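Okay, so here's the structure we're looking at.
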Amino acid sequence: SNKTNSEFKEGIQPYLKGDKSEIKAFLDICYYCVGKYHVARYLKAAFDTILAIRKALSREIKKKYIRKCENRIFYMAIPPSRFSSVAAIIKEAGMSSTGWNRIVVEKPFGRDTESSKVLSEGLKALFREDQVYRIDHYLGKPGVRAIPKLLAKLDMGPLSRSNVSSILINWEENFGTQGRGGYFDPFGIIRDIAQNHLTQILALIAMNSPGDKSTSQDSTRAAKAAVLSKISPVGVAEAIIGQYRGYREEKGIPGDSITPTFALMRVNIRNSRWRDIPFYIRCGKCLKSKICEVVINLRPQGKKNVEKLRIRIQPKPALELEMVGGDRKELHLIPSGDIDGGAYAVLLHDVLKGVQKSFVRFDELQLAWKIFTPLLHALERERISPYQYEPNSNGPPASLRVLREFENIDVSNTGKAKPPRSKL
């Protein structure tokens with residue numbers, strides 16, 4: 001944003017906590033610089049300015065706020081095409097020589113397996129994996145972070161094919177692109193939501209427990225990578241894609257766009273624990289609700305009359321039991337945590353502490369892309385037209401059979417059906 005340093009400070013001041021002297025002292029060591037971040041001389045000038053400001057600070061502020069050991073975080077919320085060039089400038093001119101250096105990278109991490117690998121290799125040539133933090137803000141949400149502990153508390157033992165018949169990871173928004181069509185259309189719902197957020201949730205549900213005695217913060221990421229490596233690539237036959245009516249009329253959207261705004265995909269895990277158990281990933285814009293949840297259909301459990309487990313990620317994170325007959329019992333409310341500011345604040349706190357557990361590792365990223373790349377390439381190569389569906393509906397009619405397994409839904413207002421072409 002083309003702001004002055006003063007305007008930047010005025011903008012953030014209302015969100016700062018503390019007394020007036022603490023806030024002033026903090027703002028005195030803040031600096032906002034406008035420039036072409038991918039051009040070496042601009043970025044180097046910003047680093048030089050920060051050093052000059054540091055030297056000019058009063059002795060009192062230096063003593064209280066400035067450490068001899070300088071630690072630096074570089075947050076790259078920039079186009080992926082600039083990752084490598086900006087990282088190279090940081091490596092040359094921005095690194096601290098007295099403390100740690102950490103690079104935070106925002107999605108999208110590429111468009112497919114190969115482009116993601118190129119981006120990651122560019123970073124790996126400059127930084128160690130323990131310095132790179134690939135941020136997926138869903139991994140900072142209380143409902144997602146609580147999944148392993150919630151599942152460990154179940155009195156039916158670990159979830160597996162012996163007690164589960166099917167699982168749905170569901171994400172809905174009840175609005176469209178809201179003026180972000182120019183960003184959304186080149187990516188679509190599978191790249192924007194399914195490949196990252198929902199695949200991470202799937203991995204947390206399906207992974208083997210790292211165990212309470214594990215001391216390695218990488219054990220959870222290794223467990224996720226292990227289960228992701230057993231997932232078969234999704235093909236066209238395992239997917240139903242849709243696009244809400246009116247999408248092509250929105251600003252920034254080509255009139256002949258075939259970009260999916262809805263996707264329902266069946267995922268198969270090739271291991272003994274989950275063999276033949278369908279996992280469904282469902283995500284869409286302009287649907288009836290704004291929700292993210294996991295719905296687990298259970299097999300009959302003797303005298304127990306629990307039919308479904310429901311982990312609500314948002315809104316109001318909670319674990320619910322759904323009984324035979326449809327009654328629901330809220331079992332565990334999920335606390336919001338000790339850190340204000342939402343998922344990003346939680347994850348940035350982890351960056352400060354050097355905790356990488358909730359950041360995506362290189363192998364996780366590659367494995368997730370391998371699941372969806374064949375489908376994405378087929379959709380684009382063959383220009384497969386998505387099913388049309390009405391806004392504020394349950395999505396394409398072809399997807400409703402699967403949805404009925406998990407929800408008591410109203411199947412009205414769903415748009416006109418086309419002949420089904422999926423094996424879901």
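The values are calculated or read from the model by the stated rules, or taken from the named source; none is laboratory data. For clarity, every value in this text was computed on a predicted model and none was experimentally measured. In this analysis, Cβ positions are derived from the backbone assuming ideal geometry, glycine residues included, and neighbour counts consider all displayed protein chains. Protein only, heavy atoms only, side chains kept; ligands, DNA and RNA dropped before computing areas. Shrake-Rupley method; radii C 1.70, N 1.55, O 1.52, S 1.80 Å.
Residue pairs whose Cβ atoms lie under 8 Å apart, sitting 6 or more positions apart in sequence or on different chains, and linking a residue in region 218-237 that is within 24 Å of Gly354 (Cβ to Cβ) to a partner that is open to solvent by 30 Å² or more (accessible area, probe 1.4 Å) and of a type in the set (Asp, Glu), are Ala225/Asp363. Restricting attention to region 1-28, the residues being outside any helix (DSSP H, G or I) and either at pLDDT 90 or above or open to solvent by less than 60 Å² (accessible area, probe 1.4 Å) (or both) number 4. Filtering region 150-206 to residues that are of a type in the set (Ser, Thr, Tyr) and over 22 Å from Ser219 (Cβ atoms) leaves Ser162, Ser165, Ser166, Thr177, Tyr183.
To keep it simple, each residue is scored yes or no on (1) at pLDDT 95 or above; (2) basic (Lys, Arg); (3) in contact with an Asp or Glu (Cβ under 9 Å, 6 or more places away or on another chain); (4) in a loop (DSSP other than H, G, I, E, B).
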position	(1), (2), (3), (4)
Ala194	yes, no, no, no
Ser214	no, no, no, yes
Ala226	yes, no, no, no
Arg248	yes, yes, yes, no
Ser257	yes, no, yes, yes
Met265	yes, no, yes, no
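Looking across region 367-396, the residues that are in a helix (DSSP H, G or I) and surrounded by fewer than 20 Cβ atoms within 10 Å (Cβ to Cβ) come down to Lys370, Pro374, His377, Ala378, Glu380, Arg381. Since Gln314 meets every condition but one in (1) farther than 30 Å from Gln388 by Cα; (2) open to solvent by 20 Å² or more (accessible area, probe 1.4 Å), which condition does it not meet? Just one mismatch for Gln314, condition (1).
Being charged (D, E, K, R) and either in a helix (DSSP H, G or I) or surrounded by 13 or more Cβ atoms within 10 Å (Cβ to Cβ) (or both) is the requirement here; does Lys68 meet it? Break it down stepwise before answering.
Working: charged (D, E, K, R): yes; either in a helix (DSSP H, G or I) or surrounded by 13 or more Cβ atoms within 10 Å (Cβ to Cβ) (or both): no.
No: the conditions fail for Lys68.
Tell me, please, whether a residue that is open to solvent by less than 50 Å² (accessible area, probe 1.4 Å), in contact (Cβ under 8 Å) with a residue 60 or more places away in the chain and in contact with a Phe, Trp or Tyr (Cβ under 6 Å, 6 or more places away or on another chain) can be found in region 91-101. No, region 91-101 has no match at all. In region 264-282, the residue that is nearest to Leu379 (Cα to Cα) out of those that are open to solvent by less than 20 Å² (accessible area, probe 1.4 Å) and in contact with a Pro (Cβ under 9 Å, 6 or more places away or on another chain) is Leu264. Looking across region 39-61, the residues that are within 30 Å of Glu22 (Cβ to Cβ), among the small types (Gly, Ala, Ser) and in contact (Cβ under 8 Å) with a residue 12 or more places away in the chain come down to Ala45, Ala46. Report, ordered by the first and then the second residue, all pairs with beta carbons closer than 9 Å, sequence separation of six or more or different chains, a first member in region 13-36 that is among the basic types (Lys, Arg), and a second member that is in a helix (DSSP H, G or I) and open to solvent by less than 90 Å² (accessible area, probe 1.4 Å). As it stands, the answer is Lys17/Ile23; Lys36/Tyr42; Lys36/Leu43, since those pairs meet every condition given. When you scan region 171-185, how many residues do you find that are open to solvent by 50 Å² or more (accessible area, probe 1.4 Å) and in a loop (DSSP other than H, G, I, E, B)? Here the count works out to 5.
Residues being under 17 Å from Arg180 (Cα atoms) and of a type in the set (Ser, Thr, Tyr): count how many of those fall in region 226-272. Explain how you work it out, then say what you get.
At the first step, the residues of region 226-272 found to be under 17 Å from Arg180 (Cα atoms) are 243-255, 257-262.
Within this subset, residues satisfying the condition of being of a type in the set (Ser, Thr, Tyr) are 244, 247, 257, 259, 261.
Adding up the residues that qualify gives 5.
Show the residue pairs that are 6+ apart or on different chains and have beta-carbon atoms under 6 Å apart, the first residue being within region 354-377 and under 16 Å from Ala223 (Cβ atoms), the second being aromatic (Phe, Trp, Tyr) and open to solvent by 10 Å² or more (accessible area, probe 1.4 Å). Every condition considered, the pairs that remain are Leu365/Phe109.
Screening Ser165 with (1) under 30 Å from Arg72 (Cα atoms); (2) assigned to a strand (DSSP E or B) gives one miss only, at (1). Of all the residues in region 104-149, those that are charged (D, E, K, R), in contact with a Pro (Cβ under 8 Å, 6 or more places away or on another chain) and open to solvent by less than 30 Å² (accessible area, probe 1.4 Å) number 0.
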